[in-house]
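S.K.: One structure coming up, written as structure tokens, with questions to follow.
The values are calculated or read from the model by the stated rules, or taken from the named source; none is laboratory data. In this text, all values refer to a predicted model and were calculated from it rather than measured experimentally. So basically every Cβ, Gly included, is an ideal-geometry build from the backbone, and we count neighbours across all protein chains shown.
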Amino acid sequence: ETGVTQSPTHLIKTRGQQVTLRCSSQSGHNTVSWYQQALGQGPQFIFQYYREEENGRGNFPPRFSGLQFPNYSSELNVNALELDDSALYLCASSSLAGANSYNEQFFGPGTRLTVL
Amino acid sequence: RKEVEQDPGPFNVPEGATVAFNCTYSNSASQSFFWYRQDCRKEPKLLMSVYSSGNEDGRFTAQLNRASQYISLLIRDSKLSDSATYLCVVNLNTGRRALTFGSGTRLQVQP
């Protein structure tokens, strides 16, 4: 187990609704990244939070937003849900080190969102 | 063109077989390279990093060719437990640590 937890595990919403997904990072990690994985595809980067600030964003519209809290846990919010938002949402925690190093990202089990 | 391209498979192989997966990436500024494994309906997990000199971890061997922007994974003596989707992953190593994933190659090892 990675120590990264996500809630809820499954969620069903209808088009136009809003959803909040939660992630608790591994102890000692200060960075959380969110990914969207559609069926049959690899995960796609949504955004990353480092010490409560957004630290980069992928090609997702503004209705995808996030927060990171002082304890480094994080939320992903999606407004005005569309059918194509149905996917597995993964968060990954890591410890951001120097510019020339990479620290492994540990993934949580994901939240499976279905939009009807 | 996708940033990371993989053959989706599936690769159906018998136990004990050797199987190779390939992957190409489009951004020559990519700095770090990985293979992740993802079991059905589970999260991705790091299998191994990939270095220019090539590296081995037990039955798994990874190779990187920066000139051709090509990454490979070789699995020897396949086990039933190797059945999974293998994701080729690159990282630009900028200030953020966003990973760019391929769509994955599905492997089914049969008894």
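S.K.: Restricting attention to the stretch B:27-54, report how many residues are closer than 20 Å to A:GLN37 by Cβ and not in a strand (DSSP E or B).
M.R.: 5
S.K.: Could you figure out which of (1) farther than 16 Å from B:CYS88 by Cβ; (2) within 14 Å of another protein chain (Cβ to nearest Cβ) isn't true of B:THR18?
M.R.: Exception for B:THR18: condition (2).
S.K.: Please return the ranges of strands (runs of 3 or more DSSP E) entirely within the stretch A:1-50 where 2 or more residues are surrounded by 18 or more Cβ atoms within 10 Å (Cβ to Cβ) and within 11 Å of chain B (Cβ to nearest Cβ). Before you say what the answer is, go through the steps one by one.
M.R.: Values: elements: A:5-7, A:10-13, A:19-24, A:31-37, A:44-50.
The qualifying strands (runs of 3 or more DSSP E) are A:31-37, A:44-50.
S.K.: With the structure loaded, tell me whether B:ARG41 is without any contact (Cβ under 8 Å) to a residue 60 or more places away in the chain, surrounded by fewer than 20 Cβ atoms within 10 Å (Cβ to Cβ) and more than 10 Å from chain A (Cβ to nearest Cβ) or whether it fails that test. Don't jump to the end; show me each part of the working.
M.R.: Values: without any contact (Cβ under 8 Å) to a residue 60 or more places away in the chain: yes; surrounded by fewer than 20 Cβ atoms within 10 Å (Cβ to Cβ): yes; more than 10 Å from chain A (Cβ to nearest Cβ): no.
Judged against the criteria, B:ARG41 is not a match.
S.K.: Right, here's the next one. If you check A:ASN79, A:ASN59, A:ASN103, A:ASN55, which single one turns out to be crowded, with 16+ Cβ neighbours inside 10 Å and of a type outside the set (A, V, I, L, M)?
M.R.: Values: A:ASN79 fails: crowded, with 16+ Cβ neighbours inside 10 Å; A:ASN59 fails: crowded, with 16+ Cβ neighbours inside 10 Å; A:ASN103 fails: crowded, with 16+ Cβ neighbours inside 10 Å.
Matching residue, one of A:ASN79, A:ASN59, A:ASN103, A:ASN55: A:ASN55.
S.K.: Return the pairs, sorted by first residue and then second, in which the second residue is acidic (Asp, Glu) and at pLDDT 80 or above, the first residue lies in the stretch A:87-111 and is farther than 17 Å from A:TYR49 by Cβ, the beta carbons are less than 6 Å apart, and the residues are 6+ apart or on different chains.
M.R.: A:PRO109/B:GLU43; A:GLY110/B:GLU43
S.K.: Turning to a different aspect of this structure: What number of residues within the stretch A:69-116 are modelled with pLDDT of 95 or more, assigned to a strand (DSSP E or B) and more than 19 Å from A:GLN41 (Cα to Cα)?
M.R.: So the count comes out to 5.
S.K.: Another question, then. Quick one: count up the residues across the stretch B:15-26 that are part of a loop (DSSP other than H, G, I, E, B) and free of Cβ contacts under 8 Å to residues at least 60 places away in the same chain.
M.R.: The total comes to 1.
Conditions (1) surrounded by fewer than 22 Cβ atoms within 10 Å (Cβ to Cβ); (2) more than 14 Å from chain A (Cβ to nearest Cβ); (3) in contact (Cβ under 8 Å) with a residue 12 or more places away in the chain, marked per residue:
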residue: B:TYR51; (1), (2), (3): yes, no, yes
residue: B:ASP57; (1), (2), (3): yes, yes, no
residue: B:GLN69; (1), (2), (3): yes, yes, yes
residue: B:SER72; (1), (2), (3): yes, yes, yes
residue: B:VAL109; (1), (2), (3): yes, yes, yes
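S.K.: Here are some conditions: (1) in contact with a Cys (Cβ under 7 Å, 6 or more places away or on another chain); (2) over 20 Å from B:PRO8 (Cβ atoms). B:ARG59 meets all but one. Which one does it not meet?
M.R.: In the conditions (1) in contact with a Cys (Cβ under 7 Å, 6 or more places away or on another chain); (2) over 20 Å from B:PRO8 (Cβ atoms), B:ARG59 misses (1) alone.
S.K.: Right, something else. Run B:ASN12 past the list (1) modelled with pLDDT under 95; (2) in a strand (DSSP E or B) and report the number of the one that doesn't hold.
M.R.: Here B:ASN12 meets the rest and fails (1).
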